[in-house]
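Submitted below is the structure of interest, expressed as structure tokens.
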Ligand SMILES: [Zn+2]
């Protein structure tokens, strides 16, 4: 019975990770109820990882490659591990990441964390896009540990994404956790699917923003945030 439950609740990628990382810290990210659940998940995960590796092997064949040549022998395994790592955000929950790092605080000015490194993968081509996120909020009685903001970015970046949704999801998470007076998120990123395919200018950046509360309604707040966020952009 438990087998079926594990199967329906967890995404494929979660099982791959559980299989690949059985026994190490990664399984800590998976919500596992008991030791036997963990074993079951790990063995199921190993099957899923093998299935994924076979898929990559077939992909190499279809590309006209020989998966048996020396340089490619371990590629399916490496790709499975890399994909599991790059999509580990599916395992992470905002409440787990933030934990008890929310504090009562009377501070009423804008808090901004700039230049948060961000790596994600576009869901249209499964190619990386990467850049920086700038996050600001105006508290309404609650603040969050500053180190948690990059970790919130990580939750949503480490899965298949479009930049617009990624920006909104980060803003929404901060709104849910802190109920602040306002929140603003700006992401500037370059997309390999554009750069490598020569679709657009090689160095064009995509900039997205999500503004809530005072950041949307108060022009002064919005201008202050955008000026700070865009300061180093060139
Ligand atoms: Zn793309």
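The values are calculated or read from the model by the stated rules, or taken from the named source; none is laboratory data. Here the structure is a predicted model, which is why all the values come from computation and not from measurement. As a convention, Cβ positions derive from the backbone with ideal geometry for all residues, glycine included, and neighbour counts pool all protein chains shown.
Of the numbered conditions (1) more than 18 Å from the chain's Cα centre (by Cα); (2) at pLDDT below 95; (3) surrounded by 14 or more Cβ atoms within 10 Å (Cβ to Cβ), residue 145 fails exactly one; give the number of that condition.
Condition (3) is where residue 145 drops out.
Could you say which residue among 173, 210, 189 is crowded, with 20+ Cβ neighbours inside 10 Å, in a helix (DSSP H, G or I) and outside the structural domain of residue 14 (by TED's automatic domain parsing)?
Testing whether each residue is crowded, with 20+ Cβ neighbours inside 10 Å, in a helix (DSSP H, G or I) and outside the structural domain of residue 14 (by TED's automatic domain parsing) leaves just 173.
Let me ask something additional. Given the options 210, 229, name the one that is modelled with pLDDT of 95 or more and either in contact with a strand residue (DSSP E or B) (Cβ under 6 Å, 6 or more places away or on another chain) or within 16 Å of the ligand (Cβ to nearest atom) (or both).
The unique qualifying residue is 210.
Looking only at the stretch 94-133, filter to residues that are in a loop (DSSP other than H, G, I, E, B) and farther than 18 Å from residue 147 by Cα; which one of those is farthest from the ligand (Cβ to nearest atom)?
The selected residue is 106.
What is the number of the single condition among (1) under 30 Å from residue 99 (Cα atoms); (2) within 16 Å of the ligand (Cβ to nearest atom); (3) assigned to a strand (DSSP E or B) that residue 166 does not meet?
For residue 166, the exception is condition (3).
I've got another one for you. Considering only the stretch 47-84, state which residues are closer than 21 Å to residue 120 by Cα and loosely packed, with under 14 Cβ neighbours inside 10 Å.
78, 82
Can you run down the residue pairs with Cβ atoms below 7 Å, 6 or more apart or on separate chains, where the first is in the stretch 105-131 and outside the structural domain of residue 155 (by TED's automatic domain parsing) and the partner is within 16 Å of the ligand (Cβ to nearest atom) and assigned to a strand (DSSP E or B)?
Note: no pairs meet the criteria.
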